[in-house]
Amino acid sequence: MAGAAMLGGWLLGICLLGVWIFWAAPVSADPLPVSEVAPGVFVHAGLYEETDTANAGDIANCGFIVGDDAVAVIDTGGSPAVGQRLREAIRAHTDRPVRYVVNTHMHPDHVLGNAAFLPDQPDFVAHRNFQAALMARGNHYLHAFDAAVGAEAGAEARIIPPTVTVSDRLELDLGRRVVELVARPVAHTDNDLTVFDRQTATLWTGDLLFMERAPAIDGSVLGWIRLLDGLAAEPAARVVPGHGPLSAPWPEAARDLRRYLDRVVTGVRAIQAAHGTIQQAADTVATDEAPRWRLFDGYNPRNVTAAFAELEWE
Ligand SMILES: [Zn+2]
């Protein structure tokens, strides 16, 4: 009798354990594919697409750096689902805790995965202008995300404010590995932050560098050109672009972007000198760059329009 009772107790215990494991197991997701571009530096390459239901916002590069004590995530993808998949990729490579989530700037394809990392209770680190920029655009981003991905998935998308902001420079110690964050002046946006891993001389540019996929000017075209020229002199063995391949040699990687931005400025100035219209500029400037960039037709007219407004006041 006692034996049967004990066996019953065991079975009940095992059943309860099973139920507990079932309920406690986190929602799992396919880990994002990542590549180790330098020791301890892992990158996922986003698609050259606009956000839609199929890609769930997986359109920007993101990744992580692993130190002896902690992990720093650099950008989180364009949805909580992508963020969760990045989190799974991290767990597949290290058991070190995620202590920092760094956002290179406020664009939704780089930040809407942040919410997936809330359970890790990391510091969310961004440029000092990041929060104001997100306050201005956040609701628009969430509505656009709902429209592109679907309201059901979009219901989870949230704006996560930074807990640490960078005005100038900040070092993050990951345990025998220091990464340097630098808040940059207005260029791609007004809140671009670069991340430099000293150990491997890997520079994460965020969207200060687009390769292959058409860039978007959302700050200052002249500021961006100035900044690229300054960045070219910074010693880096490789860069991780915000959009483009996993990594590329520096400064050669910036050549196409630098040329494109130059073409925009030169073309817009010529039209303004001839008293042409903003529409003429949008229709003609830099159009021969089209074969060199993916998604070009969606971005070039907007870039030219933005540059026209900026250069009008020179
Ligand atoms: Zn961007």
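The values are calculated or read from the model by the stated rules, or taken from the named source; none is laboratory data. Everything quoted here is computed from the prediction, not taken from an experiment. Methodologically, a virtual Cβ is constructed for each residue, glycine included, from the backbone with ideal geometry; neighbour enumeration extends over all protein chains shown. Keep in mind that these areas ignore ligands, DNA and RNA; they rest on the heavy atoms of the full protein, side chains included. Shrake-Rupley method; radii C 1.70, N 1.55, O 1.52, S 1.80 Å.
Residues that are within 15 Å of the ligand (Cβ to nearest atom) and open to solvent by 20 Å² or more (accessible area, probe 1.4 Å) do not occur anywhere in segment 146-159. Of the helices (runs of 4 or more DSSP H) lying entirely inside segment 252-314, those carrying at least 1 residues that are free of Cβ contacts under 8 Å to residues at least 40 places away in the same chain and closer than 30 Å to residue 238 by Cβ are 255-273.
Residue-wise test of (1) more than 13 Å from the ligand (Cβ to nearest atom); (2) closer than 21 Å to residue 250 by Cα; (3) assigned to a strand (DSSP E or B); (4) out of contact with any helix residue (DSSP H, G or I) (no Cβ under 9 Å at 6 or more places or on another chain).
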| residue | (1), (2), (3), (4) |
| --- | --- |
| 92 | yes, no, no, yes |
| 96 | yes, no, no, no |
| 116 | yes, no, no, no |
| 199 | yes, yes, no, yes |
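For residue 55, the conditions (1) more than 19 Å from residue 191 (Cβ to Cβ); (2) in contact (Cβ under 8 Å) with a residue 60 or more places away in the chain; (3) assigned to a loop (DSSP other than H, G, I, E, B) all hold with the exception of (2). Has segment 123-143 got at least one residue that is of a type in the set (Gly, Ala, Ser), within 15 Å of residue 29 (Cβ to Cβ) and open to solvent by 10 Å² or more (accessible area, probe 1.4 Å)? No, segment 123-143 has no match at all.
Give the residues of segment 18-52 that are closer than 26 Å to residue 68 by Cβ, assigned to a loop (DSSP other than H, G, I, E, B) and either of a type in the set (D, E, K, R) or at pLDDT below 95 (or both), sorted by residue number. Scanning segment 18-52 gives a single hit, 26. Which of the numbered conditions does residue 223 fail, given that it passes all the others? Conditions: (1) open to solvent by 10 Å² or more (accessible area, probe 1.4 Å); (2) over 19 Å from the mean Cα position of the chain (by Cα); (3) within 16 Å of the ligand (Cβ to nearest atom); (4) not hydrophobic (A, V, I, L, M, F, W, C). It is condition (1) that residue 223 fails.
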